[in-house]
Amino acid sequence: RHTSADMRRRVAEREWLAVEQLPGYAPDLNPVEGVWSAMRSGLANLVPGGIDQLAALIRARLRPMQYRPELLEGCLAGTGLSLEP
């Protein structure tokens, strides 16, 4: 657990590190949910031939996103969280 005495000590040793306790389930605070949402468009009726085909399709859908920082920044902004300290 992140609230253990050992973890609190480790965090305290690093002035640059800020830790926030988040709820156990908070998809609205998870920027990855926005990425998955953007990636899933058009996959609703897909019936892959196997796990390898599905994995290849997911990689193909995620690859272009790495070249669209505005999309990824939008996913982060949608959470209300910020990269700024």
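For this structure, a couple of remarks:
- Some residue of segment 22-34 being of a type outside the set (A, V, I, L, M, F, W, C), modelled with pLDDT of 85 or more, in contact with a Gly (Cβ under 6 Å, 6 or more places away or on another chain) and assigned to a helix (DSSP H, G or I): yes
- Only residues that are part of a helix (DSSP H, G or I), closer than 23 Å to Gly34 by Cβ and not small (Gly, Ala, Ser) were counted in segment 44-66, giving 10.
- Criterion violated by Met39 - all others in (1) aliphatic (A, V, I, L, M); (2) surrounded by 11 or more Cβ atoms within 10 Å (Cβ to Cβ); (3) free of Cβ contacts under 8 Å to residues at least 12 places away in the same chain satisfied: (3)
- Among the residues of segment 42-62, those that are at pLDDT below 85 and surrounded by fewer than 10 Cβ atoms within 10 Å (Cβ to Cβ) comprise Gly42, Ala44, Asn45, Val47.
- Index of the failed condition, Leu76 passing every other in (1) surrounded by 12 or more Cβ atoms within 10 Å (Cβ to Cβ); (2) over 13 Å from the mean Cα position of the chain (by Cα): (2)
The values are calculated or read from the model by the stated rules, or taken from the named source; none is laboratory data. Just so we're clear, the structure is a prediction, and the values are computed from it rather than from any experiment. Here Cβ is always computed from backbone atoms with ideal geometry, including for glycine, and neighbour counts include all displayed protein chains.
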